[in-house]
1. Quick one: Y266, Y373, Y363, fewest Cβ neighbours within 10 Å first, how do they rank?
2. Per residue, what volume in Å³ does the Cα convex hull of segment 137-178 take up?
3. Size of segment 223-304 along its principal axes in angstrom, Cα-based, largest extent first?
4. Starting from 0 in steps of 10 Å, tell me what percent of the Cα-Cα pairs of segment 425-485 lands in each bin.
5. Tell me, what is the percent relative contact order of the chain, built from C-alpha pairs under 8 Å that lie six or more residues apart?
6. Where in segment 449-471 does the label zone of T405 land, with the point 7 angstrom along Cα→C-beta and an amide N cut-off under 16 Å?
7. For K146 paired with N344, estimate the spin-label separation in nm (one decimal), with each label point 7 Å from Cα along the Cα-to-Cβ line.
8. Which longest uninterrupted range of the chain lacks any GluC sites (Glu not before Pro) assigned by DSSP to a loop state (not H, G, I, E or B) and surrounded by at most 10 other Cβ atoms within 10 Å?
Amino acid sequence: MNPYEMTIVEALSNMEEGKLSSVELTRSCLDRIDSVEKDVSAFITIDEAGAMEQAAKADSDRKGGKAGKLCGIPLSVKDLINTKGLKMTCGSKILENFIPPYDATVISKIKNEGAVILGKVAMDEFGMGSTSENCAYGVPVNPWKKGYVAGGSSGGSAVSVASLECAASLGSDTGGSIRQPASLCGIVGMKPTYGRVSRYGLTAFASSLDQVGPFSRSVEDCSRMMGVISGYDKMDSTSVKEDVPDFNRALTPGIEGMKVGVPREYFAEGLDPQVESIVRNSIEVLKDRGAQVVDVSLPHTEYCVAAYYLIAPSEASSNLARYDGALYGFRKPDADTLVEMYQNTRSEGFGAEVKRRILIGTYALSSGYYDAYYKKASQVRTLILDDFKKAFEACDVLISPVTPTPAWKLGENRDNPLALYMSDILTLSANLAGIPGMSVPGGFTSEGLPVGVQLQGGHFQEETLLKTGFNLEQGLNLEPGKLAI
């Protein structure tokens, strides 16, 4: 086995036994990046010198008995999370030369545990998109089939992990941006409960929806990452003072007595038959491992897309007002007035999708329309949350598809934003309700494309999701697919 193929657990074990150093592991990942990056375009910025320096320090710390929980593990980071001294673009021209002056809390946490940051990975501009095609610095490509989307907005994170360029990645999920690309790229991805992981240093898209979470190649690796990045942060006003459990203790075989809910609205018309077959098979696997399967209803699911695409753009229009060329980032020169400078900078600096959502959000918040749009969407959001509360009275975890279809061809829906918005219909509700959700690989289509299975739980029930996901992973025992790179 090449070092770059190792999971976090395997690499840590080898390093602890003296069979592998972080320098060797990091070099292996950098060589892998050099070999496949031309085919997958996962990275925006690669920090080779910085990564090797961090790896050498990790080896020194291990020898000195100061090895952290991720000591020497090479990771990638979505390019909207602050990394001190390392460029952060948010996938946008408007921040093409921005270098953050401080680390996000999640970055401080992984650094304190000895992780090695290889670089920053591609994403839809400011997190707005479902395919990562809205990135100003190249489009990530699905490593399972050339010419197919990787998902979004955290497409680079998913691709870097699935392509074996790194052991794990940090992304963010506003409406499915971790779970959807994880599903399309055949890896594990978790969106934690809103408030479980600090948002300090995460560039805001929609502040009431955004949440940082991990990508990995196994549920156990996901558990390790969650144990590091979770916890209260006084720097984040939305952070919740909730004890962080030992997530690894949840990874035990057997789920006898657990009730798994199947929401009927998630198996509606338009669901790809192969996707449905893979998810139904996963339900049977959980039954075989002791779960009781119950039917549940989430009756307001049909309103999720409409509610989300009023709430998220409204918050985005407010959050992105700061990008005007005055303080940092791109500025269009030769303006005669301040207003002209703002207009020219934002017109040229933002891409089409970001401008579309700013316009939608500004309209929804405008005088005379706020009550009809944003307020009404917020009321529907409460109904969606109530649906989940009722469902979790009947079950411990929900199981469903992540997306209605497997990955599709690059450019296929580029001129049809509504089709892309509808592709998120099965993930948006978890963000609106603030509950945790994860994608676990469920199998492959006849074309060799991966399909993920979505698990959702009540607030701060990540342990339940990890336990269920671990048992699903063990029960399926999937044969490795064949990457196209």
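Only the coordinates and a few stated rules stand behind these numbers; no lab work does. Keep in mind it's a predicted model, so treat the numbers as computed, not measured. Here the Cβ is made from the backbone with ideal geometry for all residues, glycine too, and neighbour counts use every protein chain on show.
1. Values: Y266 23, Y373 20, Y363 15.
Ordered from fewest to most neighbouring Cβ atoms within 10 Å, Y266, Y373, Y363 come out as Y363, Y373, Y266.
2. Numbers: hull volume 3.1 nm³, N = 42.
Spelled out: Cα convex hull of segment 137-178, divided by residues, is 74 Å³.
3. 45, 36, 22
4. Whole-percent P(r) values from 0 Å outward: 20, 43, 28, 9.
5. Relative contact order comes out at 17 percent.
6. 449-452
7. 4.3 nm
8. For GluC sites (Glu not before Pro) (loop position, at most 10 other Cβ atoms within 10 Å), the longest site-free span of the chain is 18-255.
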